[in-house]
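Any read-out appearing in this document is the output of simple, stated calculations on the displayed coordinates, not a laboratory observation. Nothing here was measured: the structure is a model prediction, and the numbers come from that model. Here the Cβ positions follow ideal geometry from the backbone for every residue, glycine too, while neighbour counts run over all protein chains shown.
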Amino acid sequence: MSQRRIAIIRGDGIGPEIMDATLTILEAGGFTADYVNLEAGLSAVEKGLPAMPPETVEAIREIGIALKSPTTTPVGGGHVSANVALRKALDLFANVRPTRSIPGVKGPFEDFKIDLIIVRENTEDLYAGIEFQPHPDMAQAVKVITRPGSNRLHRYAFDMVRKQGRKKLAAVHKANIMKLTDGMFLEEFYKVAKEYPDIHAEDIIVDNCCMQLVTHPERFDAIVTENLYGDIVSDLCAGLVGGLGLAAGANIGEKCAVFEAVHGSAPDIAGKGIANPTALLFSALMMLRHIGENDTAKRIGRAVLKVAGEGKHVTRDLGGTAGTAEYTDAIIAAL
Ligand code: NAD
């Protein structure tokens with residue numbers, strides 16, 4: 001029987017190291033696939049290709065599922081973000097980022113028990129990439145929010161909340177100031193909410209939301225928000241549960257899904273063998289659940305929680321001394 005195909009982007013910086021660790025753990029957990037390696041990011045640019053080559057986009061469109069390591073994007077000038085290009089080209093409209101505290105892994109606050117999911121809009125807002133400079137001393141960016149874009153995002157978020165047995169969904173916005181754009185986002189939220197009477201719908205202004213997240217995170221069950229607020233709020237949440245090394249994500253479209261860690265290519269630690277592969281591994285487990293491999297995902301997830309929680313073989317970002325290889329071996333031993 002032919003194996004399921006999965007597109008792989010090994011990425012830049014720590015990307016290849018954490019991808020190797022992740023695929024080794026998946027295999028040890030009993031999951032194999034026909035992995036199709038694709039070019040993207042700085043490594044592609046260095047070979048004279050675009051940061052997100054059209055061949056890569058087309059291959060992911062055809063395969064339908066991709067696991068992606070982080071890619072490097074220069075700040076200011078240089079090539080465009082491979083991620084933004086991919087999300088737009090494949091219309092990956094929802095970015096799903098779960099935040100869950102791991103027993104034994106300490107965040108900055110003692111006794112925090114967090115279990116929430118963030119659904120971030122992924123193609124609109126200030127990330128639409130419409131920037132111009134009408135004067136040497138003035139630069140402008142256009143914030144784009146559309147009614148259909150907001151509507152399908154909210155629908156996806158309410159469906160996911162219901163499927164996961166969660167009870168509440170909070171729309172995060174700044175509609176008090178951004179009356180037309182965030183106002184439209186919020187209007188669509190409450191319109192869709194009427195179709196989900198079993199889920200408590202509420203809204204909260206983004207600055208208050210950040211404050212509440214660090215004082216009473218337990219009051220949130222799920223959050224749906226725009227692109228920029230989602231980017232910031234989800235990193236804040238990652239910090240609450242032990243850092244970027246644990247934060248997983250999925251980019252979901254109507255026909256394709258791309259699973260990737262929240263963090264970047266961490267050039268400061270690349271090649272040192274000390275990167276934490278958990279965020280990419282958790283993203284891979286989201287991918288397994290997406291394709292119906294729930295039991296394998298559960299089994300591997302349990303092994304990760306055990307090793308991370310015990311804290312004996314964890315990487316430096318989690319307060320340990322282990323390298324990527326020792327941590328990977330410990331997870332495989334726990335399987
Ligand atoms: P970063 O997430 O790469 O690093 C921030 C800090 O967290 C660094 O100190 C890094 O060492 C640490 N860190 C990140 N991941 C870690 C891991 N798995 N294990 C241990 N420590 C980890 O953010 P940055 O430095 O702002 O960005 C670096 C590059 O990554 C930039 O070019 C940026 O554009 C790119 N980036 C890519 C993606 C993506 O591909 N999805 C996402 C964010 C940033």
Legend entry - Relative compactness, segment 230-335, computed as alpha-carbon Rg over 2.2 N^0.38 Å: 1.08
Inset, instruction - Quick one, can you get me the convex hull of the C-alpha atoms of segment 165-302 expressed as volume per residue in Å³? - result: 158
Inset, instruction - Taking amide H positions as placed in the peptide plane 1.01 Å from N, state which residues far from ALA171 in sequence (5 or more) or on other chains have amide H under 5 Å from it. - result: GLU202, ASP203, ILE204, VAL224
Legend entry - Spacing of the two label points (7 Å from each Cα toward its C-beta) at TYR190 and LEU126, in nm: 2.6
Legend entry - Antiparallel bridges, percent of DSSP beta bridges restricted to the chain (to nearest 5): 40
Legend entry - For segment 105-243, convex hull volume per residue from C-alpha positions, Å³: 124
Legend entry - the chain: calculated mean residue ellipticity at 222 nm from DSSP helix runs of at least 4, using -39500 (n - 2.57): -12000 deg cm²/dmol
Inset, instruction - Just report the Cα centroid separation between segment 220-273 and segment 279-335, whole Å. - result: 17
Inset, instruction - Give the calculated FRET efficiency between THR321 and GLU58 to the nearest 0.05, with a Förster radius of 35 Å applied to their Cβ-Cβ distance. - result: 0.20
Legend entry - segment 89-128: trypsin sites (Lys or Arg not before Pro) in DSSP coil with no more than 14 other Cβ atoms inside 10 Å: LYS113
Legend entry - Directionally averaged projected area (convex hull, Cα atoms, segment 199-250), nm²: 4.1
Legend entry - Ranked by how many other beta carbons lie within 10 Å on average, peptides 63-70, 36-43, 187-194 from highest: 63-70, 36-43, 187-194
Legend entry - Packing-based ranking, highest mean first, of 242-249, 267-274 given that Cβ atoms within 10 Å are counted: 242-249, 267-274
Inset, instruction - Enumerate by residue number the trypsin sites (Lys or Arg not before Pro) in segment 1-53 meeting two conditions: DSSP loop (anything except H, G, I, E, B), and at most 16 other Cβ atoms within 10 Å of the site's Cβ. - result: ARG4, LYS47
Legend entry - Table column - 3J(HN,Hα) (Hz), segment 192-203, Karplus curve with 6.51, -1.76, 1.60, x for Gly and Pro: 5, 4, 4, 7, 10, x, 7, 10, 6, 9, 9, 9
Inset, instruction - Using a 10 Å cut-off on Cβ atoms, rank the peptides 280-287, 197-204, 172-179, 135-142 from the highest mean neighbour count down. - result: 280-287, 172-179, 197-204, 135-142
Legend entry - Set LYS68/LYS312; LYS113/LYS168; LYS163/LYS298; LYS68/LYS106; LYS106/LYS163 screened for pairs whose C-alpha atoms are more than 19 Å apart: LYS68/LYS312; LYS68/LYS106; LYS106/LYS163
Inset, instruction - Would you kindly work out the equivalent ellipsoid of the chain from its C-alpha gyration tensor and give its semi-axes, the square roots of five times the eigenvalues, largest first in whole Å? - result: 30, 25, 20
Legend entry - VAL142 paired with LYS167, simple spin-label distance in nm, labels 7 Å along Cα-to-beta-carbon: 4.4
Legend entry - Zero-based 5 Å bins, Cα pair distances in segment 35-189, whole percents: 2, 7, 13, 15, 15, 16, 15, 11, 5, 1, 0
Legend entry - Alpha-carbon spread of segment 3-110, three principal axes, descending order, Å: 46, 40, 27
Legend entry - For segment 84-129, alpha-carbon Rg relative to the globular expectation (2.2 N^0.38 Å, N residues): 1.62
